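Notes for the one structure printed next.
The values are calculated or read from the model by the stated rules, or taken from the named source; none is laboratory data. On a predicted model such as this, the values are computed, not experimentally measured, just so you know. Cβ placement follows ideal geometry from the backbone for every residue including glycine, while neighbour counts extend to all protein chains displayed.
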Amino acid sequence: MAIRVREVDNVNILDIEGNIDINSSDIIETVGWLVNTGKLNIILNFENVDLVDYSGLSVLAIAYKSVVNHHGKLRFLHVPLPVIELFKIVRLDTVFDTHVDEAEAIKSFSDDGLERLKLRRKYKRLDIHLNVKYKIMGEQKKPKVFTGNVLNISAAGIYIYSPYTFPMNSLLDLEFNLPDQPSVLEANGCVVWIADREIQPHSYPGMGVGFVHLTPEKEKAIIDFIDKNITHRSGPL
């Protein structure tokens with residue numbers, strides 16, 4: 001991974017190239033250096049980012065908190081759609097401010113909250129409240145079954161709001177009902193994110209769970225459900 005820092009209209013832009021993963025602490029160090037020298041308006045440009053994995057999410061969260069704790073502002077630019085979907089699974093899309101145009105991103109530092117909301121709404125998300133049952137997968141003895149609420153869903157995974165969370169990479173058996181579906185949907189998932197109380201107070205406690213080996217039939221059922229509900233709920237910006 002490589003980082004190039006440039007400044008435009010008192011906004012510092014980090015052009016990142018490569019993968020953002022567990023070895024991307026340079027992002028944290030560069031952002032920390034900027035805020036410690038009084039440069040508080042920062043953009044992370046993902047135009048040449050190939051991949052953000054689950055460890056990379058933690059890197060981004062730490063960088064974000066560093067900026068916020070110094071009363072600064074952090075924006076994300078040219079975020080690839082797969083990464084946007086990853087943000088959604090873990091509900092960081094409600095925290096991270098993403099943009100598709102550099103001039104727009106720079107201008108956003110002086111825009112009011114309404115403009116930022118309009119920009120964020122360019123990316124549709126399906127917020128929902130469903131009950132979910134989950135347990136550790138593959139235990140020999142009868143495992144304890146936990147319950148929680150699904151706050152959002154995509155074909156890639158769900159966010160579970162519950163005090164009963166498991167460590168990262170835990171494998172879970174999931175059961176939940178999609179409205180208007182005749183049967184319970186059963187799926188396997190992997191814990192990819194534990195809610196951060198500092199930056200996700202309204203989603204805490206909880207965890208993001210990515211689906212594992214979801215069958216094409218179940219994936220289609222989820223996608224059809226999301227498309228139907230987004231269509232029904234969509235309105236003008």
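Odds and ends about this structure:
- Scanning the range 181-196 for residues that are outside any strand (DSSP E or B), under 15 Å from the mean Cα position of the chain (by Cα) and either surrounded by fewer than 18 Cβ atoms within 10 Å (Cβ to Cβ) or of a type in the set (A, V, I, L, M) (or both) yields one hit, Ala195.
- Note on the range 178-190: residues that are out of contact with any Leu (no Cβ under 7 Å at 6 or more places or on another chain) and not acidic (Asp, Glu) total 5.
- Residues satisfying the stated conditions in the range 55-85, i.e. touching a residue at least 40 places away in the same chain (Cβ under 8 Å) and either in contact with a helix residue (DSSP H, G or I) (Cβ under 8 Å, 6 or more places away or on another chain) or more than 22 Å from Asn169 (Cα to Cα) (or both): Leu57, Leu60, Ala61, Tyr64, Lys65, Val68, Leu74, Leu77
- Subset of the range 141-154 that is of a type in the set (A, V, I, L, M) and more than 14 Å from the chain's Cα centre (by Cα) - its residue that is farthest from Lys228 (Cα to Cα): Val145
- Out of Thr147, Thr165, sole residue that is of a type in the set (Val, Ile, Thr), outside any strand (DSSP E or B), touching a strand residue (DSSP E or B) at 6+ places or on another chain (Cβ under 6 Å) and modelled with pLDDT of 95 or more: Thr165
- Selected residue (only one of Gly38, Gly18, Gly56, Gly72 is modelled with pLDDT of 95 or more and within 21 Å of Ile194 (Cβ to Cβ)): Gly56
- Contacts under 7 angstrom Cβ, first residue in the range 218-237 being in the same structural domain as Val184 (by TED's automatic domain parsing) and over 21 Å from Leu174 (Cβ atoms), partner basic (Lys, Arg) and at pLDDT 85 or above, 6 or more apart: none
- In the range 197-207, residue farthest from Ile128 (Cα to Cα) [restricted to those that are in a loop (DSSP other than H, G, I, E, B) and without any contact (Cβ under 8 Å) to a residue 24 or more places away in the chain]: Arg197
- Here the range 32-67 is the region considered, the condition is being crowded, with 18+ Cβ neighbours inside 10 Å and polar (S, T, N, Q), and the residue that is nearest to Lys88 (Cα to Cα) is Ser58.
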